[in-house]
Amino acid sequence: MIETKNLTYFYEDGTMALEDVSIDLNRGRKVGIIGSNGSGKSTLFLNMIGILKPKKGKVLYKGKSIEYNKKYLREYRSEVNIVFQDPDKQIFYSNVYDDVAFALRNMGYEEEEILRRVDRVLKRVGAYDFKEKPVHFLSYGQKKRIAIAGVLVMDGSTILFDEPTSGLDPVMTREVINIIEDISKEKNIAISSHDMNLIYELCDYIYILNNGKVIAEGLVEDVFVQKEILQKAGLDEPWLVKLHKKLGIPLFKNEEKFFEYWSEKYGK
Amino acid sequence: MIETKNLTYFYEDGTMALEDVSIDLNRGRKVGIIGSNGSGKSTLFLNMIGILKPKKGKVLYKGKSIEYNKKYLREYRSEVNIVFQDPDKQIFYSNVYDDVAFALRNMGYEEEEILRRVDRVLKRVGAYDFKEKPVHFLSYGQKKRIAIAGVLVMDGSTILFDEPTSGLDPVMTREVINIIEDISKEKNIAISSHDMNLIYELCDYIYILNNGKVIAEGLVEDVFVQKEILQKAGLDEPWLVKLHKKLGIPLFKNEEKFFEYWSEKYGK
Amino acid sequence: MLLIDKYAYTNRLRNFNPMAKFLFAIGALFIAIGLNNLYVNLIIFLIMFIFTTVIAKIPIKNYLKFYYAPLVFLLVSIITIVINKSTNREVFLCSIKIGQNYFGINENSLSESIFIVFRVLSCISSMFFLSLTTSINQLIKVFKKLKFPPVMVELIVLIYRFIFIFLEESKEIYNAQEMKYGYVGMKNSYRSISLLVKCLFIRIFEKYRDMIISLDSKLYNGEFKVG
Amino acid sequence: MKNKKYLLSFMFLLLVLAPSISNAMHIMEGFLPVKWAIFWTIVTLPFLIVGINRVNKVFKEDTNRKVLLGLAGGFVFVLSALKIPSVTGSCSHPTGVGLGAILFGPTTMTVVGIIVLLFQALLLAHGGLTTLGANTFSMAVVGPLVSYGLFKFLKKRNVKTSVSVFIASALGDLATYVITSIQLSLAFPDKVSGFLGSMGKFLSIFAVTQIPLAIVEGILTSIIYNLLLEY
């Protein structure tokens with residue numbers, strides 16, 4: 001339901017951050033925004049949630065330009081929210097429960113309703129078991145789940161994820177992917193990342209950002225096979241794509257499907 | 001030249017961090033220490049450079065137990081040093097030159113010699129072009145290079161890298177890998193990471209840490225094919241290993257070799 | 001992140017001898033408050049204005065914005081100084097009577113105010129010249145040459161570096177709070193700002209813990225030397 | 001945790017040395033006539049020298065403290081750049097300066113304070129170079145001393161800590177504001193009613209903003225104190 005239209009953003013000193021960026025999150029359930037560090041992914045997200053205001057162009061929500069007054073933004077953010085990269089900078093309490101309840105308390109919900117919602121969301125992200133532990137005893141991956149819970153609890157329609165798996169080890173990466181897959185069943189999702197294998201597996205539609213400009217967009221299967229564009233953006237091909245191109249086999253969305261295909265074909 | 005012998009370390013509150021860990025960095029030029037977050041990789045490194053003192057067992061340098069007095073450790077650390085994960089915690093100056101020169105000035109070198117060394121090392125890590133910029137203008141990847149330069153400048157014999165590529169995008173990852181490859185020609189290297197593809201390509205000998213214990217060690221080609229052990233440690237197989245096992249092709253160390261093989265064999 | 005700091009590294013005079021820039025600005029400051037002469041101060045202001053915008057190429061629009069906050073303070077203070085109270089109407093150029101007292105503008109305070117305004121403009125423009133054309137990293141070298149106490153120089157070096165680390169963190173924390181309605185209404189705002197300060201405060205110790213390890217490994221011997 | 005001790009002493013500081021560089025009114029660049037600029041610089045100098053000696057002594061014992069004090073300085077600066085909505089509707093800066101270091105004694109605050117004020121002048125255009133002496137005296141000498149003294153005094157009287165924190169930080173803030181008013185009145189005595197008349201004007205003008213601010217500051221500092229206790 002969110003779109004940006006010819007969005008341009010530059011910093012006070014004139015450094016260009018985003019130029020003429022048009023992005024439409026309706027193109028897929030899970031839209032990927034990929035690009036190298038400094039390509040503008042985070043700035044784009046900050047524009048999309050109304051923290052930064054575009055210098056030119058606009059952000060549309062349900063087809064209408066978003067407004068930058070307090071009242072509008074309050075309403076807007078109950079629908080559109082973001083999980084930032086570093087959980088340490090979005091967890092404010094040393095107590096898991098209080099932290100996840102933060103947004104609801106700020107919104108003025110009854111404690112009873114808060115309790116219900118927080119519990120539900122903690123279960124959903126698999127954090128219910130350690131909800132009694134103080135936050136500084138949690139591992140990075142556990143904190144990440146708390147951070148997701150803290151946003152999920154607002155129950156909006158769209159969630160942006162900024163580098164959701166950076167710094168996570170393989171097991172935790174898998175868990176976060178599962179959480180995102182689960183959320184995406186009922187919400188619109190956008191993910192920014194420079195981890196190509198992640199985006200390739202998770203997203204259905206992607207935009208490639210390079211130096212603040214969209215240099216390609218399309219269905220995952222169509223964009224990821226354009227090696228020159230990925231290279232220009234400083235990105236890698238996912239290995240399944242490499243196999244597809246070098247070995248002349250069909251393109252598979254994930255490794256399970258590929259190995260299935262292989263064993264059927266070659267009986268190995 | 002560094003070994004740990006039955007090293008055990010626990011925190012003041014009794015939490016076990018490392019148990020009976022024996023590691024020998026002479027087993028390869030580039031030794032990988034892999035394990036999930038919290039498996040004890042960083043604690044092991046801190047023991048190896050003498051910041052933490054083992055509760056049991058010891059750290060050997062050139063066959064002799066290291067000593068924990070100031071004089072010895074100074075000497076030792078001019079030979080054995082570490083690049084930490086977060087560059088912001090190891091850069092103390094906003095001025096790139098002063099920061100890289102820091103260790104040399106601490107060692108009492110002449111300014112002339114310092115100038116020569118710093119310039120050389122900045123060129124080597126590809127940071128010479130932005131040496132006039134203040135650190136707070138640099139990107140994460142650029143800071144990482146400065147952090148590496150700040151250690152490399154001491155010109156010791158062994159460098160430990162703690163998660164050298166975490167948070168870096170594909171291009172910068174590639175650059176850091178190249179820097180490490182280059183350094184490894186003349187120095188002993190140990191790398192801790194949970195990025196399996198990185199370790200697989202870069203290292204020759206690896207140790208797998210799980211809950212503070214070494215659960216496997218060996219040549220990369222031997223260890224990475226043991227799926228159960230990787231799984232136990234919460235790690236993934238590198239994709240080249242997966243292909244090797246599922247497709248019954250030989251095991252290749254990097255994708256270039258694999259694609260070469262493939263095109264020779266199938267002419268594609 | 002801080003606009004003035006950004007310009008200090010990117011302006012056209014950035015590579016000009018820092019000591020010269022420093023002495024020029026400080027000299028101008030001394031003359032400005034020392035002579036306290038209207039014409040001299042006007043000239044200093046014009047020179048600084050031209051040096052900063054035309055020669056160092058700081059965009060005029062942003063340059064003028066930097067004057068906004070100080071000028072508000074100036075305005076309030078000037079009003080305070082200019083308006084006096086007395087029971088005697090004679091001392092004023094013009095006045096109004098409120099109750100038993102006259103409130104008005106006295107000739108002496110008016111002329112004093114004019115001097116203040118010119119002095120302030122010339123001083124501020126001199127300081128802006130310095131801070132917009134000379135980076136802190138350059139100033140640190142100047143301070144060292146001028147034989148500032150070494151411990152001050154070291155603290156300046158460290159604080160300058162850490163400012164940006166904390167600034168970035170505070171911004172990220174602030175954004176995350178804002179997204180969770182942390183700054184809707186007074187009560188939420190106070191709670192959020194307190195939480196933010198707490199988070200940063202705890203960060204001091206986390207960073208300290210990690211940084212002394214890093215210092216150890218870099219053979220720190222108690223001194224942060226500058227070249 | 002070994003840090004716990006540091007944390008506690010630092011916390012103490014946070015509370016005590018509240019009169020903040022951040023939210024007090026900085027006398028702007030060029031505002032003071034030359035003789036007063038020099039006068040306040042000279043008055044501040046002894047405190048600065050004592051502070052530097054003190055700092056040097058602490059650093060001699062533990063050189064790592066340099067980094068700790070540096071971090072505290074960065075923290076204080078950033079607090080001064082934050083904006084919070086204040087009671088008066090305008091935006092003000094939150095509390096917390098003091099933070100400097102009780103570890104190092106209150107005079108240390110003068111050293112960190114003057115550096116932070118220097119950065120504020122150069123990077124934020126708050127305050128100035130010619131007024132650095134006067135601003136340091138009100139914000140980094142008198143304010144901390146008042147809060148520090150009050151906190152010690154109240155603690156001896158067994159006043160509840162959060163109350164002591166509130167009083168110490170709020171009054172420290174007010175002290176800074178009174179000193180600034182005195183500085184301005186001395187420099188600009190009313191042409192009709194003299195120093196006292198001028199003092200009355202400055203105090204009443206700034207009271208509108210400064211008294212509510214002092215209260216906010218006190219409240220915030222208590223909240224932060226309690227949050228840190230939880231941790």
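The values are calculated or read from the model by the stated rules, or taken from the named source; none is laboratory data. Note that the structure is a prediction, hence the values are computed from the model and not measured. As a convention, Cβ positions derive from the backbone with ideal geometry for all residues, glycine included, and neighbour counts pool all protein chains shown. These area figures cover heavy atoms from the full protein model, side chains too; ligands, DNA and RNA do not enter into them. Shrake-Rupley method; radii C 1.70, N 1.55, O 1.52, S 1.80 Å.
Points worth noting:
- If you bin all the Cα-Cα distances of segment A:184-268 at 5 Å, starting from zero, the percentages per bin are 3, 13, 24, 24, 15, 11, 7, 3, 1, 0.
- Accessible carbon and sulfur surface of segment C:3-134 relative to its total accessible area, %, 1.4 Å: 70
- Rounded D (µm²/s) - segment C:126-188, Kirkwood Rh over Cα pairs, Stokes-Einstein at 10 °C, 1.306 mPa s: 110
- Here B:Lys53 is the anchor, and the lysines within straight C-alpha reach of less than 16 Å, apart from those fewer than 8 places off in the same chain, are B:Lys5, B:Lys41, B:Lys64, B:Lys70, B:Lys71.
- Over segment C:84-155, the ratio between the Cα radius of gyration and 2.2 N^0.38 Å evaluates to 2.02.
- Helix axis angle, C:38-50 relative to chain C longest principal axis, alpha carbon, degrees: 40
- Based on Cα contacts under 8 Å between residues 6+ apart, segment B:152-268 shows a relative contact order of 18 percent.
- The DSSP beta bridges internal to the protein assembly as shown are antiparallel in roughly 60% of cases.
- Distribution of pairwise C-alpha distances over segment A:6-156, 10 Å bins, in %: 10, 34, 32, 21, 4
- In summary, segment C:149-218 shows an alpha-carbon radius of gyration equal to 1.42 times the 2.2 N^0.38 Å reference for compact globular proteins.
- Segment A:185-255 and segment B:228-268 have Cα centres separated by 21 Å.
- Degrees between helix C:185-217 axis and first principal axis of chain C (Cα, 0 to 90, nearest 10): 50
- GNM flexibility winner over chain A from A:Lys53, A:Lys41, A:Lys123 (Cα, springs under 10 Å): A:Lys123
- With semi-axes defined as the square roots of five times the eigenvalues of the C-alpha gyration tensor, the equivalent ellipsoid of segment C:54-110 measures 38, 11, 7 Å, largest first.
- Pair-distance profile P(r), taking every C-alpha pair of segment C:3-134, with 5 angstrom steps and integer %: 2, 11, 17, 17, 15, 11, 8, 6, 5, 4, 2, 1, 0
- Pairs of Cα atoms nearer than 8 Å and 6+ residues apart set the relative contact order; for chain B it is 24 percent.
- Cα coordinate range in chain C, projected on the principal axes (Å, largest first): 75, 51, 34
- A point 7 Å from Cα along Cα→Cβ stands in for B:Asn6, and the other copies hold the same point at 7.5 nm, listed in rising order.
- Cα long-axis angle, helix C:107-133 against chain C (0 to 90 degrees, to the nearest 10): 20
- Across B:Lys213/B:Lys246; A:Lys133/B:Lys213; B:Lys187/B:Lys253; A:Lys213/A:Lys245; A:Lys89/C:Lys57; B:Lys131/B:Lys187, pairs whose alpha-carbon gap is larger than 32 Å: A:Lys89/C:Lys57
- For the chain pair B and C, the interface hides roughly 2900 square angstrom of accessible area in total, found with a 1.4 Å probe.
- Estimated at the nearest 10 Å², the accessible area of C:Phe143 is 10 Å² with a 1.4 Å probe.
- Shortest-first nm distances, A:Ile249 label point to equivalent points in other copies (7 Å, Cα→Cβ): 0.8
- A crude spin-label estimate for the pair B:Ile229 and C:Ile26, with each label 7 Å from Cα along the Cβ direction, gives 6.5 nm.
- Distance from the axis that maps chain B onto chain A is least for the Cβ of the chain B residue given, with the whole Å value, as B:Trp239, 2.
- For segment C:3-134: relative contact order, % (alpha-carbon pairs under 8 angstrom, 6 or more apart): 45
- Residue separation of D:Asn53 and D:Phe153 scaled by 0.36 nm, minus their Cα-Cα distance, works out to 33.4 nm of gained length.
- The lysine pair count for segment C:149-218, using Cα distances under 24 Å and pairs eight or more places apart or on different chains, is 8.
- Rolling a 1.4 angstrom probe over the protein heavy atoms with all chains in place gives segment C:1-92 an accessible area of 54 Å² per residue.
- Two numbers describe the Cα atoms of the protein assembly as shown: Rg and Dmax, which are 30.5, 111 Å.
- Over segment C:100-200, accessible surface divided per residue gives 30 Å², non-protein components excluded, 1.4 Å probe.
- Across identical copies of the chain, A:Gly63 has label-point separations of 8.2 nm, listed in ascending order, with the point defined 7 angstrom from Cα along Cα→Cβ.
- A:Thr165 accessible area, 1.4 Å probe, all protein chains in place, Å² to nearest 10: 10
- Here C:Asn17 and D:Lys35 are evaluated by their C-beta separation; at R0 = 25 Å the FRET efficiency comes out at 0.20.
- Kirkwood Rh, Cα atoms: Rg over Rh of chain B: 0.99
- Where D meets C: accessible area buried, both sides, 1.4 Å probe, Å²: 6700
- Nearby aspartates and glutamates by direct alpha-carbon distance to D:Lys156 (threshold 12 angstrom, same-chain neighbours under 8 apart not counted): none
- The contact between chain B and chain A removes approximately 2200 Å² from the accessible area (both sides summed; 1.4 Å probe; ligands, DNA and RNA excluded).
- Computed over segment A:60-117, Kirkwood Rh from alpha-carbon pairs, angstrom: 13.4
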